[in-house]
Every structure is written in C-alpha cells, then in structure tokens.
Amino acid sequence: MKNICYTLLLLLFAQTAQAITRHIGSGQTYATLDAAAADAQPGDTLLMHAGIYPGGLAITNLKGTANQWITIKNKTGETVILEGGNNAIQLIEPAYLHILGLIFQHQLGNGVNTDDGGTYDTPAHHVIFEKCTFRDMSASGNNDLLKLSGLDYFEIRDCQFLNGAAGGSGIDMVGCHFGKIEGNRFENMGSNAIQCKGGSENVRIEGNFFKNCGQRTLNIGGSTGLAFFRPDTAHFEAARVQVYSNVFVGSVASIAFVGAVEVDVANNTIYQPEKWVIRILQETVDPNRFLECGNNSFRNNIIFLGNNVSVVANIGPNTQPSTFQFSNNLWYNQDNTNWVGPDLPVMETNQLLNVNPLLTLPENDDFSIPPNSPATGAGLELNEPKFDFLKNLFANPPSIGAVEANPVSGVQQQNAFKTKPFSVFPNPVGDHFWIQLDTGFSSEVLLELFDLSGRRVVGYGFEKQILGSQPWYFPLEGIVRGAYFLKISLDGQFWGSQMILVN
C-alpha cells in the first residue's frame, strides 16, 4: 500500500447565483414538470406545488453537474402526485439528478423509467430517489414501480413501494452498477420486490423492510435477453450484490440467487416464507459465456419458519451449490420441535438449530431480539454490515439477524447515525465516491482514510464549510483495491466512520 501524493478536491454543492428555483403548478411559472425541465440548468430546483399532475412525461438529458445537481421535489408539506400515464416519467440519460418527496401512482406501464436511452456506452448516472412513494400499479403484467436500465452511481433511500403489478417488481434493474437501496419499505409486490439482472454489479441492499413481496422477494439475477446486457460482455446476471440488515416477511421465496456470483447475504431476519428460504438457479445458460451461479455466502441470518416450508433450499441445474458458504445462521421451526434442520447444499459452520430467537413482536413488525436471545452475540465477526436494521452499530461479535440485541452505545453510535447522520455512496467505490452530511452549520472538516491494519493512508483537512443537504463529490484514484475505513471529524470532534470497498 502506498501513500497518495495528490490533493483530493472537495466540491461543496452550494448553489451559484445562476441556480434558481423553478415553480411548477397551477398559477405558477410552469404548469408542468416537463416544461420546467426544458429550461432547467445545473443547480436548479424544480419545485412542484400541491396537486395531481398527469403522468406520461418523457424528459431527456436532464443533467446537472458533479457540483451542481438538479433537484425535483415537492414543496415542503404539500402533496404532489403524478397520476397515470404509461409511465409517470421516463427519464432518458439523466445525470446528477435528485428526486425527492413525489408520489407516483396508477401507471399502466412502469411507474418511473430511468434509462440510458439504449446507448450502453453512455449510461445514465448519479440519480437519487429519496422519500418518494411508488404505488398502486394499474397493470398486471411485467410492469415495475421503478424500472432502471443502464444506470450507474445511484441511490434509492427512504422510499415506499406499495401494491405492485402481479407480474412486476418494485425495483427492476437491468445492467445497473454502483448503487445503494437503503431504508425503503416494500409491501404487496407481485413477482418480487427487487430484481437485479442483466450484468448488474456492486449494488448494496441494506436496511429495507419487505412484506408479502410475491414469488421472490429478492431476485438477484434473472433471465435477460442478450441484447440488453450492460455491458454486452458481462458474464453474469448479477455480481457482488450485498444484502445486509433487511427484514423479510412472507413471499414464496425470500432470496433467489439466479446466475449470480459473489453475493453476500448477511445479518437479515427472514420470517415465515411461504415455500422456500433460498433458491439457487441458472436461467441464462451458456457455459461458453456465463458463470454458473455460485461463490455466494449466507451468514448471520435468522430464519423463522413454519411447517409450510419443507424444502429450505431449492436448487436447480447448471449451478454450483457446493461453492456457497453458510455460517452462523439461526434456523427455527416454530411448528416442529423435532425439526432436523435445513437441507443445505454444503455443511454449515456454527449453525444454531431450532432454538427460538425470541423475536419481540413480529405480528406488529417488531423483529428486535432481547439480550437473552440465543442469537445475541452469536454472529460471525464480519467487516460488513456495520449497522443493523435500526441504524444501530452491531456489537463485536454481532448478534445474528437484522437487529442487534446489544447495540454499541456512546459517542460513536450517536455520531455515526442518530444525532449526526451521514452517508457514503456508492459503496463499493469505483473511481470516486460521495459523502452527504446533513448538519446545516459551518464546520472545519477532516477526512482520513485508514487501511484494515489501522494505518492512515491519507488525510485531508478543509477550512470551515457550510454543510448542507446535498452530497459532496470526491474523485478517487491511486488507491489499491481493498477495504478501508473513512473517518470524518468536524471541528476536531469525531463525527462518524464508514467502511468503504475500493474496486
């Protein structure tokens, strides 16, 4: 590991004098969103006032810049609904776009489409959906609440996905890379809550709640036509997907690995799936091009079953189940005290079998566990995830399941998420990453990167900056691939830390 001998540029997302707020709605400057988008410049806010707006919009090349994003949002405290249309909005080749607080409902095709316009070498990139609601599809086929095709560097956080089409997904990704899906709620999906296929890679699915999400709550991989892979040389449906600290309730199968490789499923709570816990499948079969589904891990998960599940792992042909890793999972069948355990394809290490995890009140969606749960402190020590479903730090060793029984207390926990929130994305990192610090006041900033041995690789100090709600962009080059800790200090006080993976 070598020290970095360059200056890292910090770009604060302050609006310039040219950036303006464009008001949309009845009696406002613009009657429709697409009219305002046609005039939008980097740094602008497209502010939608209360109302029900017709869907069916197509918006092309709506692009901010790395230090001046374009924001589409509702006016604070007002309800904005985009109603009907084939899609509420089709965003074609957007970049540096933040969509906040909108409701999309009753679409006939997909709720919202975000795509690269079919030009796979120039993907859509840097798009955030935050605190949006996607609901009540007026379609029953393969129609998705949020369709993403050829989108890189994205985040979907604190959104709701409700009542999807019978044959569709909550979020369907085709050839998407470096994304984070965090803190969302999915309920009453048709086929699945999240599908990640077509060469998708480096997507983190963390801290979400899934309830009654169809055939496969998570379809990690799938079956994609060869013409739609991004890139067209991809040799997997999905790779390096991280599934951390989520709660799964119901659905036919909780997690399907389908032509997927190097997927990590850790510290989740799975409650009463209808038929299977996991499926290991290969739907895109070509040994000359595609890797067989394998080299995936399933660790530190609570699985709470009833007698309806007779086969835990459904394994299809053309897969490599022997390459999976199972460790430190707690398996409990509430209806069968003599249950002999799951039919896994390989021997599991440190398995906890048929002991009640003592979930607090699952009928009220409370999946916490008490300190006397057998899952407490029984997890394998992992580098990730660091935070549980409730945004508390895992203990060391961690509890099994999505919720830590003995969350780490003190300054670090408070600083990291509760009173001093921040986020780093995407993670894993490519050639750059983003930090969002929501403080609203001016601070001196110190950023330090440490390797896993605790050695500081590089540090950067900055004079007082006003820390707003927009993320900061950091180019990153010259760092050897691996795992690092990013430490953030404001005014000389520890603010928080985050592990990042550099690819």
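The values are calculated or read from the model by the stated rules, or taken from the named source; none is laboratory data. Predicted model, so just to flag it, every value in this text is computed and none were measured. When we count neighbours, we look across all protein chains shown, and the Cβ atoms used for this are built from the backbone with ideal geometry, even at glycine. Surface accessibility is based on the protein's heavy atoms, side chains included, excluding ligands, DNA and RNA. Shrake-Rupley method; radii C 1.70, N 1.55, O 1.52, S 1.80 Å.
Observations, loosely collected:
- Residue in segment 58-66 that is farther than 22 Å from Pro123 by Cβ, touching a strand residue (DSSP E or B) at 6+ places or on another chain (Cβ under 7 Å) and without any contact (Cβ under 8 Å) to a residue 60 or more places away in the chain present: no
- Hey, Thr337 surrounded by fewer than 19 Cβ atoms within 10 Å (Cβ to Cβ), more than 26 Å from the chain's Cα centre (by Cα) and of a type in the set (Val, Ile, Thr) or not: yes
- Qualifying positions in segment 116-149 - over 16 Å from the mean Cα position of the chain (by Cα), closer than 21 Å to Gly175 by Cβ and open to solvent by 10 Å² or more (accessible area, probe 1.4 Å): Gly117, Gly118, Thr119, Tyr120, Asp121, Thr122, Pro123, Asn142, Asn143
- Under the condition of being under 23 Å from Gly118 (Cα atoms), in contact with a His (Cβ under 7 Å, 6 or more places away or on another chain) and free of Cβ contacts under 8 Å to residues at least 40 places away in the same chain, the residues counted in segment 71-96 number 1.
- Gly25 open to solvent by 20 Å² or more (accessible area, probe 1.4 Å) and either at pLDDT 95 or above or in contact with a helix residue (DSSP H, G or I) (Cβ under 6 Å, 6 or more places away or on another chain) (or both): no
- Unique match (being touching a residue at least 60 places away in the same chain (Cβ under 8 Å), over 27 Å from Lys131 (Cα atoms) and not small (Gly, Ala, Ser)) among Phe228, Phe236, Phe178, Phe209: Phe228
- Odd one out for Asp152 among (1) open to solvent by less than 10 Å² (accessible area, probe 1.4 Å); (2) touching a Phe, Trp or Tyr at 6+ places or on another chain (Cβ under 6 Å); (3) among the acidic types (Asp, Glu): (1)
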